[in-house]
Structure formats: structure tokens, C-alpha cells
Amino acid sequence: MEALLNSSKLLQHWPTIVLGVLLALSIKYLRQRRRVIKKELEGEEDIAVNFPQSTADDDLQPALEEKPHVLFVPGQSLNPNGARRFYEVMRGRRSVRAFNPHKQPSQEVIEDCIRAAGTAPSGAHTEPWTFCVIVDSEIKQTVRQIVEQEEYINYSQRMHAQWVTDLRPLQTTSTKPYLSDAPYLILIFKQTHGLTANGRKKLHYYNEISTSIAAGMLLCALQAAGLCSLVTTPLNCGPALRRLLDRPANEKLLILLAVGYAAEDCKVPDLERKSLEDIMVKY
Ligand SMILES: Cc1cc2nc3c(=O)[nH]c(=O)nc-3n(C[C@H](O)[C@H](O)[C@H](O)COP(=O)(O)O)c2cc1C
């Protein structure tokens, strides 16, 4: 009888019990989401918000040396018609997926292109990039193995059906011969943070944007040098490639670039570009 009374009391309170359980589950879910989001943002702009506060204000030092400003000296210009000439060079850029393995661009040209990329602007002049240049055919072969293994899983499991369908006109697959055929692979890493001269952690604000700008400048330089390139972002390969190249944990792979000359029978998709009217809004 007593048990019956207890269970009927329990029944009376069922809305409170259900609400309690739902509340507990929601809190658990929100905590999990917060952990995931924090992990996703780790090393990104978020780092600026989460940086541990210094104990004393006079302990704060800028990462850059404080020096008097110098007079601005304008750089060289390609004028007359510099912009038009630059556009004419850039409109010839295409993503090339078939490289001539026998035609090798000179190391000096590649170095000059990376020098050009290194002139990119960066958040608080942190220069948060590392360009790893691979010429060694065994390392290129290992890169290819790592990428093809992951891309097989990406295409068959990780990428949703719409993504795979959207790639169909480009005729890309999980097989990547260009990774061993291209004479150079340039792996562009963003550095999520660095170290100051006295060994303190240096924040790399907007490291992804800064490194992407540098990568864009590298593409322009390669094009100006008459070379072909392919930007790739192989999903889930970053950690394995970072370990292969023995890069530190604060470096995260942003772009894997294949560089060289196109194979003679290289074909590219027949793409159209948006017109100026489509991409520019005048006020
Ligand atoms: C961020 C980014 C990621 C890309 N990832 C890949 C990739 O993983 N594999 C690939 O074959 N092409 C990749 N591409 C190349 C694009 O497919 C290519 O730029 C686009 O189709 C336009 O062709 P175009 O470069 O010849 O103008 C990527 C391009 C960008 C900008």
C-alpha cells in the first residue's frame, strides 16, 4: 500500500522530474558544445580573448621592438598600365592537375616567389607562416600516400553527397598523381602562435587571414614566373603531414600547393569567371 502511495506521489511530480532531466541533459550538451567550439577555435583569433592576463601592467611588453618610425619610400611600380598588365598575367592562372615531371623550375625562382609571399601584410606584423618546400621524390611520394589514403575516406565517407556532386565537373578523385609528378610541393603552414626573443609566447592575431594573403601573393608570384600551381586543402591530412615534415605543434597546415609546369596534354575545366559587375559594388 505504502509503495503504491509513493509511486502515485512520484507520478504527481513527473513534470518536474522530466524538466529536471531535460535541464541536466541540456547543460551537459551545452558544456560539450562549448568544449568542441573552444577546440575548433584553438589557435585562432579566439586566442587573443583567452590569453592569460599578465599579473602586473608593467610586465606587458610589445612583441615587436619599439623603434621610431621611418619615412615611407614608395615601392617600384609596373606602370604604365601596371594594373592592366598584372590582370593580363593573372587571368592566365588556372589550377593545373597534370604536371610535367621532367621540367624542373629553378630553386632560385621558387625562393623569389616565397620571398614575395613573405612581404605580405600580417596581423600586428607577426608573419605567422612557414613555407615547406619539398623537392625530394621520396618525401613527395609519402605525401601522396598520406593524402590519397585520407582522400579515399573523404570521398567515400566524410564528404556529403552534395559536396562530391559539386566536385564532379572538376573531375577530381582521391587519386592524386600531381603530388608525385609536380617538381615542387609547397606546404603552407599557419603558425597559431610564436615566441618572442626572450622566449615568451607571442600571439599571432588573425594568423589564418594573414597566411591566406601570403598564399595569394605566392600564387601571383608563381604565375608571374610562368609557373603553374594547384591549391589543395586535403581534409584531415594536416597532422600527419605536419609530423612527416617534423613541424612544431603550433604550425597547422593551411594549403598544400603543387608547383611546376603543366604536362603537354594537361586539360582544365572550361570555367567562366564572374564579371566585374558581379563582383564589384560601387557607392
Ligand atoms: C581554398 C581552396 C581549396 C581548394 N582545394 C582543392 C583541392 O583540394 N583539390 C583540387 O583539385 N583543387 C582544389 N582547389 C582548386 C579549385 O578547385 C579551383 O581553384 C577552382 O576550381 C577554380 O579553377 P581555377 O583555379 O582554374 O580558376 C582549391 C582552391 C581553393 C581556393
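Check E277 against each of (1) more than 23 Å from E150 (Cα to Cα); (2) in a loop (DSSP other than H, G, I, E, B); (3) not hydroxyl-bearing (S, T, Y) and name the one condition it does not meet.
(2)
Considering every residue within segment 100-121, establish whether at least one is within 22 Å of P234 (Cβ to Cβ), touching a Lys or Arg at 6+ places or on another chain (Cβ under 7 Å) and among the aliphatic types (A, V, I, L, M). Break it down into steps so the answer makes sense when it comes.
Applying the first criterion (within 22 Å of P234 (Cβ to Cβ)) to segment 100-121 yields 101, 110, 113-114, 117.
Checking which are touching a Lys or Arg at 6+ places or on another chain (Cβ under 7 Å) leaves us with none.
Among the residues of segment 100-121, not one is within 22 Å of P234 (Cβ to Cβ), touching a Lys or Arg at 6+ places or on another chain (Cβ under 7 Å) and among the aliphatic types (A, V, I, L, M), which makes the answer no.
E40 - would you say it is at pLDDT 90 or above, of a type in the set (D, E) and surrounded by 10 or more Cβ atoms within 10 Å (Cβ to Cβ)?
In short, no.
Being within 16 Å of the ligand (Cβ to nearest atom), under 13 Å from the mean Cα position of the chain (by Cα), surrounded by fewer than 18 Cβ atoms within 10 Å (Cβ to Cβ) and not small (G, A, S) narrows it down to one residue among L235, L187; which is it?
L235
What residue, among those in segment 94-106 that are out of contact with any helix residue (DSSP H, G or I) (no Cβ under 7 Å at 6 or more places or on another chain) and not aliphatic (A, V, I, L, M), is farthest from the ligand (Cβ to nearest atom)?
Within segment 94-106, the subset out of contact with any helix residue (DSSP H, G or I) (no Cβ under 7 Å at 6 or more places or on another chain) is 94-96, 100, 102-106.
Then drop every residue that is not not aliphatic (A, V, I, L, M), which leaves 94-95, 100, 102-106.
Working: R94: 4, S95: 3, N100: 17, H102: 22, K103: 20, Q104: 22, P105: 19, S106: 24 Å.
Selected residue: S106.
Could you tell me how many of the residues in segment 248-260 are in contact with a strand residue (DSSP E or B) (Cβ under 6 Å, 6 or more places away or on another chain) and assigned to a loop (DSSP other than H, G, I, E, B)? Show your work before the answer.
Of the residues in segment 248-260, the ones in contact with a strand residue (DSSP E or B) (Cβ under 6 Å, 6 or more places away or on another chain) are 250-260.
This time we only want the ones that are assigned to a loop (DSSP other than H, G, I, E, B), so: 250.
Looking only at that region, the number is 1.
Can you name the number of the only condition in (1) assigned to a loop (DSSP other than H, G, I, E, B); (2) surrounded by 15 or more Cβ atoms within 10 Å (Cβ to Cβ); (3) among the polar types (S, T, N, Q) that T119 fails?
(2)
Here's the yes/no breakdown for (1) within 16 Å of the ligand (Cβ to nearest atom); (2) under 19 Å from L230 (Cα atoms); (3) outside any helix (DSSP H, G or I):
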| residue | (1), (2), (3) |
| --- | --- |
| V70 | no, no, yes |
| N79 | no, no, yes |
| G92 | yes, yes, yes |
| E108 | no, no, no |
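Can you find a residue in segment 252-263 that is over 30 Å from K202 (Cα atoms), of a type in the set (V, I, T) and within 15 Å of the ligand (Cβ to nearest atom)?
yes
For I153, only one of the following conditions fails: (1) more than 11 Å from the ligand (Cβ to nearest atom); (2) touching a Lys or Arg at 6+ places or on another chain (Cβ under 8 Å). What is its number?
It fails just one condition, (2).
Is it true that some residue in segment 202-216 is within 12 Å of the ligand (Cβ to nearest atom), in contact with a Ser or Thr (Cβ under 9 Å, 6 or more places away or on another chain), small (G, A, S) and touching a residue at least 60 places away in the same chain (Cβ under 8 Å)?
No, segment 202-216 contains no residue that is within 12 Å of the ligand (Cβ to nearest atom), in contact with a Ser or Thr (Cβ under 9 Å, 6 or more places away or on another chain), small (G, A, S) and touching a residue at least 60 places away in the same chain (Cβ under 8 Å).
Quick check on segment 165-191: of everything there that is touching a helix residue (DSSP H, G or I) at 6+ places or on another chain (Cβ under 6 Å) and not in a strand (DSSP E or B), which residue is farthest from T126 (Cα to Cα)?
S174
The values are calculated or read from the model by the stated rules, or taken from the named source; none is laboratory data. Just so it is clear, the model here is predicted, and its values are computed rather than measured. Note that we place each Cβ from the backbone using ideal geometry, even for glycine, and neighbour counts take in every protein chain shown.
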